[in-house]
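Notes to accompany the following structure.
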Amino acid sequence: MHILTKVFIVLVTLLAIFLVPLVVVSAKNQVAWKTKAMEAESQRDAAREQLSQARRTHQDHIARLTGEANDYSQRLASLDAQLTSSVDQVRSMEDDLLASRSSASNQAAMNRSLTKSLQASTDLTTGLVASVTQLRSRALTAEERRVELDEALRDLNSRLDTAIAARRSLEEEINLLKDEKESNESRIAAYAARWGALEDQDQGEAEGLAPDRTLDATILDVSRVGTRTLAEIDAGSRDGVKPGWVMTIGDNGIFIGRLRITDVDINRSTGVVSLEDPDRGLVETGQRAYALMGQN
């Protein structure tokens, strides 16, 4: 036999020896491999399903991202427009700022001028307030004075009304005394025509100085010494009474007698009473004595 054949036989024998275990192992492992193949197929199907799901999810995600990208693009375009507008506004505001700074400088100058004017106005206002306060005080004082003067005027008007009433009463009484005097003069004239003139003493006592003003006084005191009657009145030199005046004494329109002033003091005067007649009434304290200007 050839050596090569022997070697070949040996190799085949060895190969058979080695292949038998391999076949046995392969037969045993075929089931395991088949199981693993089925598991792998299942895993492949699951992987395909997961891949499909992942693809769908990816497509959905891409669609969502595409929508968001479009939205962002629109928003970006809007923001670009806003940015452009903002840039324009910033430029406009810068221009306004420059104008404002210029205006602020002018305004500062105006403010300084206004401050000076305001200070002057404040000083003027302070002065005016002081003047108004002073004028108000003077007005209050004047108002108080006016009230006092009004009260004094009312008092004077009241006194004037009283004086006017007294004057009217006095004029009425003087008219009555004039009538009485004329009646007495007529009686004296009739007496003189029938019995002659009166004695010189009585005539001298009746004569006197004609008063240079009209006034009335009150008889304060009456004294009688023998046949002479003296009377004191409450009017004197300060009232214009002079020695020699002849005044008429009356009581409620009734002629009582004549009073020839002989002594004059500051606020008192004394005189001699004449033509006193008990039938008409005697001279008494409280009666009135009248002086008629230009008549005695």
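The values are calculated or read from the model by the stated rules, or taken from the named source; none is laboratory data. Treat the numbers as computed from the prediction; the structure is a model and nothing was measured. Neighbour counts are summed over all protein chains in view; Cβ atoms, including those assigned to glycine, are modelled from backbone coordinates with ideal geometry.
When only residues in the range 76-94 that are of a type outside the set (S, T, Y) and surrounded by 11 or more Cβ atoms within 10 Å (Cβ to Cβ) count, which is nearest to the chain's Cα centre (by Cα)? Reasoning before the result, please.
Initially, the range 76-94 is screened for residues of a type outside the set (S, T, Y), giving 76-77, 79-83, 87-91, 93-94.
Subset that is surrounded by 11 or more Cβ atoms within 10 Å (Cβ to Cβ): 76, 79, 82-83, 89-90, 93.
Details: L76: 65, L79: 60, Q82: 57, L83: 58, Q89: 51, V90: 52, M93: 48 Å.
The residue in question is M93.
Looking only at the range 240-296, count how many residues are among the acidic types (D, E), at pLDDT 90 or above and out of contact with any helix residue (DSSP H, G or I) (no Cβ under 9 Å at 6 or more places or on another chain).
Kept after step one, since they are among the acidic types (D, E), are these residues of the range 240-296: 251, 263, 265, 276-277, 279, 284.
Checking the rest, the ones that are also at pLDDT 90 or above come to 263, 265, 284.
Then drop every residue that is not out of contact with any helix residue (DSSP H, G or I) (no Cβ under 9 Å at 6 or more places or on another chain), which leaves 263, 284.
Qualifying residue count, the range 240-296: 2.
For the range 118-145, enumerate the residues that are surrounded by 11 or more Cβ atoms within 10 Å (Cβ to Cβ) and polar (S, T, N, Q).
S121, T125
List the number of the failed condition for P21; all other conditions in (1) surrounded by fewer than 10 Cβ atoms within 10 Å (Cβ to Cβ); (2) at pLDDT 75 or above hold.
Of the numbered conditions (1) surrounded by fewer than 10 Cβ atoms within 10 Å (Cβ to Cβ); (2) at pLDDT 75 or above, the odd one out for P21 is (2).
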